[in-house]
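Here is the structure we will look at.
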Amino acid sequence: MTIAESTVFETLESNVRGYCRSWPTVFDTARGAWLTDENGKDYLDFFAGAGTLNYGHNNPVLKQALLDYLIGDGITHGLDMSTVAKRRLLESFRDLILTPRGLDYKVQFPGPTGANAVEAALKLARKVTGRTTVLNFTNAFHGMTLGALSVTGNAAKRAGAGVPLVHATPMPYDGYLEEPEDLSWMRRALDDSSSGLDKPAAVIVETVQGEGGVNVARAEWLRQLAELCAVRGILLIVDDVQMGCGRTGPFFSFEIAGITPDIVTLSKSIGGYGLPMALVLMRRELDQWAPGEHNGTFRGNNAAFVTAEVALRHYWSDDRLETATLAKGERVHRHLATLAAAHTGVSTRGRGLVQGLVFEDASQATKVCRVAFEHGLLVETSGSCDEVVKLLPPLTVTDDEITHGLGILTRAVDIVRD
Ligand code: PMP
């Protein structure tokens, strides 16, 4: 049965839907890097729940921990009460992630989604600085709620949402331009009093723009951006919702530049098991929230605390996952480079296990995803014109699965370009 034949989806569900149209089948079960539909057809998942499944579907270690917790009548919903599960998570996050990296952040649980984290980060930056505007980047994506959408640098995504809630001025992003970007535009606009630009509360940036088309900012550019902000007293928010939790190799994607952002947002894979969870990390002195000033009901998903904590202990007690991710990423990148070299108008870019195949003729990217789906591989497009096929496999993907997935992708490109 396809979605089109399945009347309950057509008659009951709102039209606010995307993936069911890209992948017209009804999925049922999932394991590791594989999804199975209700007809028993397997699909290799190089999409990983939009980056929520860095450790794969139904990861056995995390599943067992979750089952044990539930069988032991562990608390699932907890608002922001203190719980044992939360304490364990905070301790592991401090001991395994923050302390070894010399980071001294306070941690906030802003709600279940990435957009919740971005909203809290923007609100905090405005509160702490007393300023209201934000600088963002061309092609950035930060979420679909009104504040997060206001700093999303894609006019098509903002269309129809009305007046932005945050006044944001998009600046040129390094990895988006043909030439390396040197921040001179931003520097000049900030320092020239006749430019008309208000001094912003914050700059919000992704180190690699995932939704924006796998645009990769250079480490040196990120360093200069951090310095530019520090010198002028502007807060630097790194949105690590998609690129954090090891996607680009290190736990935080900004580690490559050796910078310490003022505020960091995390979500997607931080819950470990695909369970909803988000974090805002803030420099200790920025924690100026009054008790209850930014609260909400679903901020304490203790089941997610359990899987998040076990994921940290299991995968981040040493550098094995980082090393493996970089090696796998390199392998995928080499394959894509060869593929691109065999076709005119195709190129590749990426970092770690987020890799993109870029098509000058954007329509071909969508076609490649469709053919890949038919052959049992899930990949999605990204970029302002959907011109990039984005590969985002679980970090736990095996070498054989990479071979299999790249084989399907290569065939799909050949078919589309034939
Ligand atoms: N920031 C970034 C960088 C993202 O990639 C996303 C989601 N793709 C978000 C924020 C929003 O996260 P969510 O969809 O969970 O609200």
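Rule-based calculations on the coordinates, nothing more; no lab input. Keep in mind that this is a model prediction, so the values were computed, not measured. A quick note on method: Cβ atoms are made from the backbone with ideal geometry, for glycine too, and the neighbour counts reach across all protein chains shown.
Residues M171, M243 in ascending order of nearby Cβ atoms (within 10 Å, fewest first): M171, M243.
Taking the square roots of 5 times each eigenvalue of the Cα gyration tensor of segment 221-315, largest first, gives ellipsoid semi-axes of 25, 19, 9 Å. Note on the chain: antiparallel DSSP beta bridges, both residues inside, total approximately 70 percent of the bridges counted.
Here is what passes the span test in the chain: the DSSP H helices with alpha carbon length of 24 Å or more along the helix axis and a Kyte-Doolittle mean of -0.5 or above are 320-341, 399-417.
Placing a pseudo-label 7 Å from each Cα along the Cα-to-Cβ vector at H167 and R334 gives an inter-label distance of 5.2 nm.
The calculated FRET efficiency for the pair A219 and C385, based on their C-beta separation and a Förster distance of 25 Å, comes to about 0.40. Our estimate of slack between R101 and S317, defined as 0.36 nm per intervening residue step minus the Cα-Cα distance, is 76.5 nm.
Counting other Cβ atoms within 10 Å as a rough exposure proxy, the listed residues C229, C385, C245 run C385, C229, C245 from fewest neighbours to most.
Summing +1 for each Lys or Arg and -1 for each Asp or Glu among the other residues whose beta-carbon sits under 15 angstrom from that of S193 gives +1.
Ordering of 386-399, 24-37, 264-277, 120-133 by packing is 264-277, 386-399, 120-133, 24-37, highest average first (other Cβ atoms within 10 Å, averaged per residue). Relative contact order for segment 19-111: 15 percent, from Cα pairs under 8 Å spaced at least 6 residues apart, divided by residue count. Here the contact order of segment 79-153, divided by its residue count and restricted to Cα pairs under 8 Å and six or more residues apart, works out to 21 percent.
Between D400 and W185, the modelled labels are 4.8 nm apart [label points 7 Å from Cα along Cα→Cβ].
Taking 0.36 nm per residue of sequence separation and removing the Cα-Cα distance, the D42/R232 pair yields an extension gain of 63.1 nm. For segment 350-416, averaging the sequence separation of C-alpha pairs within contact (under 8 Å, six or more residues apart) and dividing by the residue count gives a relative contact order of 38 percent. Relative to the compact-globule estimate of 2.2 N^0.38 Å, the Cα radius of gyration of the chain comes out at 0.97.
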